[in-house]
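Enquirer: Have a look at this one before I ask anything.
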Amino acid sequence: AARILRVRTDVTSPDDVTALFAAARDRFGRLDLLFNNAGTFGPGGVPVEELSYDAWRQVVDTNLNGAFLCAQAAFRLMKEQDPQGGRIINNGSISAHVPRPLSVAYTATKHALTGLTKSLSLDGRPYRVAVGQIDIGNAATDMTERMRAGTLQANGELAVEPVMDVADVARTVRHMAELPLEANVQFATVLATAMPYVGRG
């Protein structure tokens with residue numbers, strides 16, 4: 001039977017994140033996997049010169065600081081537990097490689113997440129903490145619902161982009177999660193086959 005613990009958490013709050021991981025430790029005794037999945041695009045279609053600092057900060061706090069806080073808390077548990085180690089999977093994005101127009105906050109945080117993944121991967125080696133990143137393109141979720149009406153392209157045109165079933169993403173995450181700690185998928189890119197990524201722009 002599945003054992004589930006629900007803890008309402010604001011990943012931008014260090015106190016909330018500390019309480020979440022303490023609750024997981026108390027309930028299950030150890031932590032084997034963290035999937036850093038919290039994220040927000042922020043206000044879409046806003047030119048950089050009009051983006052408010054508060055909007056920028058909300059995206060940075062959620063996408064980057066939230067991932068850091070959760071990874072830090074996971075590291076602490078994974079180093080202390082016996083047997084030592086665990087796995088962290090960060091949810092990057094196609095935008096960790098190439099931006100969309102008018103997406104400076106989202107793109108900057110997703111590029112930063114790649115650096116976070118690499119640093120965590122290196123720092124985790126002595127403790128059997130494996131860290132990887134999945135970069136997802138156009139999975140059919142609430143976040144991509146607006147694509148059905150067309151998405152702004154680099155040439156200024158609107159185009160409807162193909163999407164893929166989110167279950168295809170889940171299968172990839174599961175594969176990464178089920179590997180033994182001696183093996184790691186450092187980076188994986190999963191995208192709708194015909195979406196504009198290779199050659200975007």
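Enquirer: Compute the FRET efficiency between residue 72 and residue 118 as 1/(1 + (r/R0)^6), taking r as their Cβ-Cβ distance and R0 = 25 Å, and round to the nearest 0.05. Provide the component values of the computation, followed by the final result.
Expert: Values: r = 16 Å, r/R0 = 0.63.
It comes out at approximately 0.95.
Enquirer: Another question, then. At q = 0.10, 0.11, 0.14 Å⁻¹, work out log10 I(q)/I(0) for the chain with the Debye formula, treating every Cα as an identical point scatterer and leaving solvent out; two decimals please.
Expert: Ignoring solvent entirely, the Cα scatterers give -0.45, -0.54, -0.86.
Enquirer: Across region 31-116, how large is the tail of the calculated P(r) beyond 19 Å, expressed as a percent of all Cα pairs?
Expert: In whole percent, the long-distance tail amounts to 42.
Enquirer: Output wanted: per-residue J couplings in Hz (rounded whole) for region 180-188, from phi through Karplus 6.51 cos²θ - 1.76 cosθ + 1.60, θ = phi - 60°, x for Gly and Pro.
Expert: x, 5, 7, 10, 8, 8, 5, 9, 10
Enquirer: Neighbour counts of other C-beta atoms within 10 Å: give me 114, 141 arranged from fewest to most.
Expert: Arranged by neighbour count, lowest to highest, 114, 141 become 141, 114.
Enquirer: What FRET efficiency comes out for residue 152 versus residue 175 if R0 is 45 angstrom and r is the Cβ-Cβ distance? Round to the nearest 0.05.
Expert: 0.85
Enquirer: Amide H neighbours of residue 93 under 5 Å, counting only residues 5+ apart in sequence or on other chains, H built in-plane at 1.01 Å?
Expert: 136
Enquirer: Pop the C-beta distance of residue 167 and residue 25 into the FRET formula with R0 = 41 Å and round what comes out to the nearest 0.05.
Expert: 0.85
Enquirer: Using the alpha-carbon atoms, what tilt in degrees (0 to 90, nearest 10) does helix 66-80 show relative to the longest principal axis of the chain?
Expert: Tilt relative to the chain: about 20 degrees.
Enquirer: Just to check I understand the Karplus step: with θ = phi - 60° and J = 6.51 cos²θ - 1.76 cosθ + 1.60, what whole-Hz values come out for region 142-157, glycine and proline as x?
Expert: Values per residue, Gly and Pro as x: 4, 5, 9, 4, 5, 5, 5, 9, x, 10, 4, 9, 4, 8, x, 7 Hz.
Enquirer: Taking H as built 1.01 Å from N, whose amide H comes closer than 5 Å to the amide H of residue 131, not counting residues under 5 places away?
Expert: Those lying under 5 Å, H to H, from residue 131 are 88.
Enquirer: In nanometres, what is the gap between the two model label sites at residue 10 and residue 182, each 7 Å from Cα along Cα-to-Cβ?
Expert: For the pair residue 10/residue 182, the computed spacing is 4.5 nm.
Enquirer: Which of the listed residues, 137, 84, 33, is farthest toward the dipole's positive end in the chain, when Lys, Arg count +1 and Asp, Glu count -1 at the beta-carbon?
Expert: Value: 84.
Enquirer: I've got another one for you. Once phi is turned into ³J(HN,Hα) by the Karplus curve 6.51 cos²θ - 1.76 cosθ + 1.60 with θ = phi - 60°, what whole-Hz value does each residue of region 104-115 show in order, with x for glycine and proline?
Expert: Along region 104-115, the couplings run 4, 5, 4, 4, 4, 6, 6, 5, 5, 4, 5, x Hz.
Enquirer: What does the extension gain come out to for residue 79 and residue 38, with contour length at 0.36 nm per residue minus their alpha carbon separation?
Expert: In short, 12.4 nm is gained.
Enquirer: Summarise the long-distance tail of P(r) for region 149-201 by giving the % of C-alpha pairs beyond 14 Å.
Expert: Numbers: 878 of 1378 pairs.
Pairs farther apart than 14 Å: 64 percent.
Values quoted throughout were computed directly from the atomic coordinates according to the rules given, and no laboratory measurement underlies them. Fair warning: this is a prediction, and the values are worked out from it, not measured in the lab. Methodologically, a virtual Cβ is constructed for each residue, glycine included, from the backbone with ideal geometry; neighbour enumeration extends over all protein chains shown.
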